[in-house]
1. Any chance you could get the radius of gyration and Dmax over the Cα atoms of the range 109-191, in Å?
2. Applying 1/(1 + (r/R0)^6) with R0 = 30 Å to the Cβ-Cβ distance of Ala142 and Lys56, what FRET efficiency is obtained, to the nearest 0.05?
3. Taking a temperature of 20 °C and a viscosity of 1.002 mPa s, what whole-number D in µm²/s does Stokes-Einstein yield for the range 111-159 with Rh from Kirkwood over alpha carbon pairs?
4. Restricting the calculation to Cα positions, tell me the Rg (one decimal) and the Dmax (whole number) of the chain in Å.
5. Work out how much length Lys69 to Asn316 would gain on full extension: take 0.36 nm times their residue separation and subtract the Cα-Cα distance, in nm to one decimal.
6. Can you compute the modelled spin-label distance between Lys103 and Tyr160, with each label point 7 Å from Cα toward Cβ, in nm?
7. Using only Cα atoms, find the angle between the long axis of helix 86-121 and the longest principal axis of the chain, and express it within 0 to 90 degrees, rounded to the nearest 10.
8. Looking at the chain, send over the antiparallel percent of its DSSP beta bridges, to the nearest 5.
Amino acid sequence: MLILAILMASAACGDRTTYAPPPPPKVTVSQPVKQSVTDYLEFTGNTQAINTVQLKARVEGYLEQVYFKDGDRVKKGQLLFLIQQNTYEAKLKQAEAEILSQKAKLFHAQTEYARFSKLVTQKAAAQTDVDNWLYQRDAAQAAVMSAEAQRDLARLNLSYTKVTSPFDGRIGRRLKDPGNLVGAGEATLLANVDQIDPLYVYFTMNERDLLDVTKDTKESVDAVIRKDIPLYLGLADEEDYPHKGYLDFASISLNATTGTLTLRGVFPNPKGMMLPGLFAKLRVPVTHEKSALLVPTVAISYDQLGPYLLVVDDKNVVQRRGVKLGTEVKDLTVITEGLQQPEWVITNGLLLAIPGKQVTPVKASASNSEQPPAPAPGGQLKKAAP
């Protein structure tokens, strides 16, 4: 037993080992990307038809025909409704007959005036007869003009029995069915037509953004508008801004209540995919292209002092670097101050990196490197102030 105890004690003494600290944690690093960027302001707005017309019955009669289906695309001049015509055709014939009657009276008065004018020189007629026929001639001329005006009015009323589209667009549902009396006492609304190619988009800009635009461009709002500044639009279900248009209008003053300026953009819509009343995201370029440093947005952290990056120095020690942020391009963000291009920024493993402590940096692979995506179109976004 004594020998066994001695052996066990010897084994216990030989099992002692020294403590080895764990290696520094691994983090993924990459260098900032240098790229040309353009600053943008971002807004929200609503689409609106460039023209909206209420089709109304301008003459009284029974609605005879409807020549479209609800929601159809229509062309300028296309016949849409037909109102009872026989009454107006008869009135037109009556007006044309009245013209013939008045022209006959005019011819008779002209003949008599010429005859009595010769007789008075021969002392075979009185001057009062000449004056009377002169009056009859002038009155007949006026009657002819009045009859022609009545004919034109009758022809115009007849044309009103055909209701046509004033432009290419899209028509809503019909509001009156054939057989109904329309235009009795007041113009009857038959349908609405919207012109949606091109399409308007209205949005508002606050005072601070307006001052930024005029400061950056060093031009008045009117001068900016006259340059047809490009606009980029995306719908609610679109991540990007695939629709390109231009800025064509700005209100002459700010709204005193909201402190905003109303602006309008124009966007082509040849296929009619965008409809009036849609929510729209807009961005407006406010500066020319300039060179900037960009880092992955996921590498940016925030604390009470503001945004910062964690960088690795030449001794693999983590350093906190306070930065100023600029605009964004997809998953990249512009760094305007606080970072140099050769530095290595931690992009993955931020929770393992402690300022002042060593790490094991692993350079991002080519497939994961933060190469700048092709800006679409023109670069990044700068969110408008709320």
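Bear in mind these aren't lab numbers, they're just calculated from the coordinates by the rules spelled out. Everything numeric here is computed off the predicted structure, so don't read it as measured data. As a convention, Cβ positions derive from the backbone with ideal geometry for all residues, glycine included, and neighbour counts pool all protein chains shown.
1. Rg, Dmax (Cα atoms, Å): 25.6, 77.
2. Details: r = 34 Å, r/R0 = 1.14.
Step by step, r from the Cβ atoms, then E = 0.30.
3. Details: Rh = 12.5 Å.
Rounded, D is 171 µm²/s.
4. Radius of gyration, then largest Cα-Cα span, for the chain: 41.8, 181 Å.
5. Numbers: separation 247, 0.36 × 247 = 88.92 nm, distance 7.28 nm.
Here the segment from Lys69 to Asn316 would lengthen by 81.6 nm.
6. Once both label points are built, they end up 2.7 nm from each other.
7. 50
8. Numbers: 79 of 84 bridges.
Close to 95 percent.
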